[in-house]
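J.: Quick one: this structure, given as structure tokens, is what I'll be asking you about.
Read the figures in this text as sums done on the coordinates, not as results from a lab. Note that the structure is predicted; figures quoted are calculated from it, not measured. With ideal geometry, Cβ positions are generated from the backbone for all residues, glycine too; neighbour counts draw on all protein chains shown.
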Amino acid sequence: MTDNHIRIGFGGGCHWCTEAVFQALRGVTRVEQGFIRSEPPFDGWSEAVIVTYDPALIDLGTLIEVHLRTHASTAAHSMRGKYRSAVYAFDDAQMRQARGLIDGFQPEFDDALVTQVLPFAAFKPSDARFHDYYASDPERPFCQAYIDPKLAVLRRDFAAHITAPAESP
């Protein structure tokens, strides 16, 4: 890790979707897809990604807003164990900053955000055959049904932060 790159974890929907969303952002230098756990009672493995980014190119507020708007961040559905809506912080300062940002975005949502800020405890990568899932074959039915709509949100609301090309599939 260089001084100008920061890591943070995001979980919400499936890690294939989350990976594709963050891979599309300018300033994100790496997305590691897999499973993250936090401290008890959130120590069960949950699908997530670790995002490495350059804060000179994209800030944490933009990353968190993208995350909140590209998964069901207000839904406390029954699959939240496997798909925990969370920001996984690597230190206390990052936890405080992430909490403040989420609190700041809350008024923009009609329902309460269920996204938690949790301390990062451990990561295990998903099987290598699933890495770069969208990038390797965006024509898969899953990609078209679930990932393309999330990327459409990026094109519509975060166009200045998307890596080229930003055309519709």
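J.: When the chain is treated as a GNM, springs tying every alpha-carbon pair under 10 Å, which of His15, His77, His67 comes out with the largest mean-square fluctuation?
T.: His77
J.: Could you tell me the calculated FRET efficiency between Asn4 and Ser78, based on Cβ-Cβ distance and R0 = 35 angstrom, to the nearest 0.05?
T.: Values: r = 41 Å, r/R0 = 1.16.
For Asn4 and Ser78, the calculated efficiency is 0.30.
J.: Dipole magnitude of the chain about its Cα centre, charges +1 at Lys/Arg Cβ and -1 at Asp/Glu Cβ only, in debye to the nearest 20? Write down the numbers at each step before the final one.
T.: Values: 16 positive and 22 negative charges, 51 e Å.
So the magnitude is around 240 debye.
J.: Turning to a different aspect of this structure: Of Thr62, Thr163, Thr18, how do they rank once you tally other Cβ atoms within 10 Å and put the fewest first? Numbers along the way, then the final one.
T.: Numbers: Thr62 18, Thr163 11, Thr18 26.
Final ranking by Cβ density, sparse to dense: Thr163, Thr62, Thr18.
J.: Please report the projected area of region 36-104's Cα convex hull averaged over all directions, in nm².
T.: Working: hull surface 20.2 nm².
For region 36-104, averaging the hull's shadow over all directions gives 5.1 nm².
J.: Put +1 on the Cβ of each Lys and Arg and -1 on the Cβ of each Asp and Glu in region 24-121; which of Gly104, Pro119, Ala24 then has its Cα farthest toward the positive end of the dipole?
T.: Highest projection toward the positive end goes to Ala24.
J.: Still on this structure, please answer the following. So in region 15-144, what percent of DSSP beta bridges are antiparallel if you round to the nearest 5? Please report the intermediate quantities before stating the final value.
T.: Working: 12 of 16 bridges.
The antiparallel proportion sits near 75 percent.
J.: May I ask you to give the average projected area over all directions of the convex hull of the Cα atoms of the chain, in nm² rounded to one decimal?
T.: 9.7
J.: Hey, another quick one. Whole-Hz Karplus ³J(HN,Hα) for region 38-50, in order, using 6.51 cos²θ - 1.76 cosθ + 1.60 and θ = phi - 60°, x for Gly and Pro?
T.: 10, 8, x, x, 9, 9, x, 5, 9, 4, 6, 9, 9
J.: Where does each of Val153, Val51 land when they are ranked from fewest to most other beta-carbon atoms within 10 angstrom? Please report the intermediate quantities before stating the final value.
T.: Values: Val153 13, Val51 28.
With the fewest neighbours first, Val153, Val51 line up as Val153, Val51.
J.: Quick one: Val21, Val31, fewest Cβ neighbours within 10 Å first, how do they rank?
T.: Working: Val21 29, Val31 22.
Exposure proxy ranking, most exposed first: Val31, Val21.
J.: Distance between the C-alpha centers of region 1-32 and region 129-165? Whole Å please.
T.: Taking the Cα centre of region 129-165 as reference, the centre of region 1-32 is 13 Å away.
J.: Here is a further query. What's the longest piece of the chain with no exposed GluC sites (Glu not before Pro), counting a site as exposed if DSSP puts it in a loop and it has at most 15 other beta carbons within 10 Å? Mind dumping the intermediate values first?
T.: Values: sites that count: Glu139, Glu167.
It runs 1-138.
J.: Now, a different point. Between Gln23, Gln116, Gln144, where does the largest GNM mean-square fluctuation fall for the chain, given springs only between Cα atoms within less than 10 Å?
T.: Gln144
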